[in-house]
Amino acid sequence: MILSQTERTTIEPKITLVGAGPGDPDLLTLKGVKALKTADVVLYDALVNEALLNYAPANAIKVYVGKRSDDESFSQDLVNKLMIDYALNYGHVVRLKSGDPFVFARGYEEIDVAESYSIPTEIVPGVSSALGVPGLQKIPMVYSTLSESFWVVTGTNAKGAISPDLYVAAKSNATIVVLMGIEKIKEIAAIFKAEGKTELPVAVIENGSSTQENVVVGIVDTIEELIEEKQISSPALLIFGQVVSLHPQFNVIKDFYATLVEEGY
């Protein structure tokens, strides 16, 4: 639909980046709800719970522009172009992004493009899966003497390789959350093994906060086998660190290994 010149003069373009959270629609912020209620257009990602679209007006245009790790059907350049075109032609565009717009979500690029067209922008932070999903499993990022800091690292960088930061992080005692790393679990586990951390606790959380959530807890030495056994796949995040030992499932693992030792295995 192409609007007439008269109709265009009444349009006030605006772009709002809204963090949708990790999956549970109830984790959307109140400010995010308010933004959606005033949207003329909603551009939403693959991992966004589509129930959130119900907050937008019935006549608002809803456009799927999702990308998963193995799907490049929507390039960032195309998403940027759609975002600008819809804002100039229809008004308020809500760019609904999973997690937080500024945590491995290219939110800055989208804001930068919008402002290059002198389009007013607003940012509504969201609950990042990197922090919210472990928290929902009662895994703290820092705790007592177990961990004094944490890293959030991408498992696969823009070049498709493991981030060099992960090699540095593995040398520390910090909690390490790896996003987009499930497909490279063998290589990632090898990094920790090279640091002598074969028994470091690990948690893998698939579809965190959603009704399809699946959790596996183990140690570096066995986590690859557990992922294969439980058929865990993307989207999933990895948590390496002593804080994972606080998860109830880890006590089961400890008891299991203790039994093996007692029985002479």
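The values are calculated or read from the model by the stated rules, or taken from the named source; none is laboratory data. Nothing here was measured: the structure is a model prediction, and the numbers come from that model. With ideal geometry, Cβ positions are generated from the backbone for all residues, glycine too; neighbour counts draw on all protein chains shown. Heavy atoms of the whole protein, side chains included, go into the accessibility calculation; ligands, DNA and RNA do not. Shrake-Rupley method; radii C 1.70, N 1.55, O 1.52, S 1.80 Å.
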Q.
Considering only residues that are buried (at least 23 other Cβ atoms within 10 Å of the Cβ) and in a helix (DSSP H, G or I), which ones fall in region 87-109?
A. Ala87
Q. Hey, does region 23-34 have a residue that's more than 12 Å from Asn89 (Cα to Cα), in contact with a helix residue (DSSP H, G or I) (Cβ under 8 Å, 6 or more places away or on another chain), modelled with pLDDT of 95 or more and open to solvent by 80 Å² or more (accessible area, probe 1.4 Å)?
A. no
Q. Where in region 137-241 are there helices (runs of 4 or more DSSP H), lying wholly inside it, with at least 1 residues that are of a type in the set (Val, Ile, Thr) and closer than 23 Å to Ala46 by Cβ?
A. 185-194, 223-230
Q: Please identify the pairs in which a residue from region 234-248 that is among the hydroxyl-bearing types (Ser, Thr, Tyr) has its Cβ atom under 8 Å from the Cβ atom of a residue that is part of a loop (DSSP other than H, G, I, E, B), counting only partners at least 6 apart or on another chain.
A: Ser234/Arg68; Ser234/Ser69; Ser234/Asp70; Ser234/Met180; Ser245/Leu146
Q | Leading residue by the ranking (surrounded by the fewest Cβ atoms within 10 Å (Cβ to Cβ)) among those in region 219-235 that are among the polar types (S, T, N, Q) and over 20 Å from Pro248 (Cα atoms) | A | Gln231
Q: Kindly indicate which of Gly241, Gly160 is modelled with pLDDT under 95 and at positive phi.
A: Gly160
Q: Hey, could you check region 167-180 for residues that are closer than 20 Å to Leu226 by Cβ and modelled with pLDDT of 95 or more and say which is nearest to the chain's Cα centre (by Cα)?
A: Leu179
Q. What number goes with the only condition from (1) farther than 19 Å from Pro25 by Cβ; (2) out of contact with any strand residue (DSSP E or B) (no Cβ under 6 Å at 6 or more places or on another chain); (3) modelled with pLDDT under 95 that Gly66 does not pass?
A. (1)
Q. Could you say which residue among Val153, Val216, Val178, Val202 is in contact with a Phe, Trp or Tyr (Cβ under 6 Å, 6 or more places away or on another chain), open to solvent by less than 20 Å² (accessible area, probe 1.4 Å) and either in contact (Cβ under 8 Å) with a residue 12 or more places away in the chain or more than 24 Å from Phe102 (Cβ to Cβ) (or both)?
A. Val202
Q.
Just to verify a result, which residue in region 156-175, among those that are of a type outside the set (S, T, N, Q) and surrounded by 20 or more Cβ atoms within 10 Å (Cβ to Cβ), is nearest to Val220 (Cα to Cα)?
A. Ala170
Q. Which one is surrounded by the fewest Cβ atoms within 10 Å (Cβ to Cβ) among residues in region 35-68 that are in a helix (DSSP H, G or I) and among the hydrophobic types (A, V, I, L, M, F, W, C)?
A. Ala51
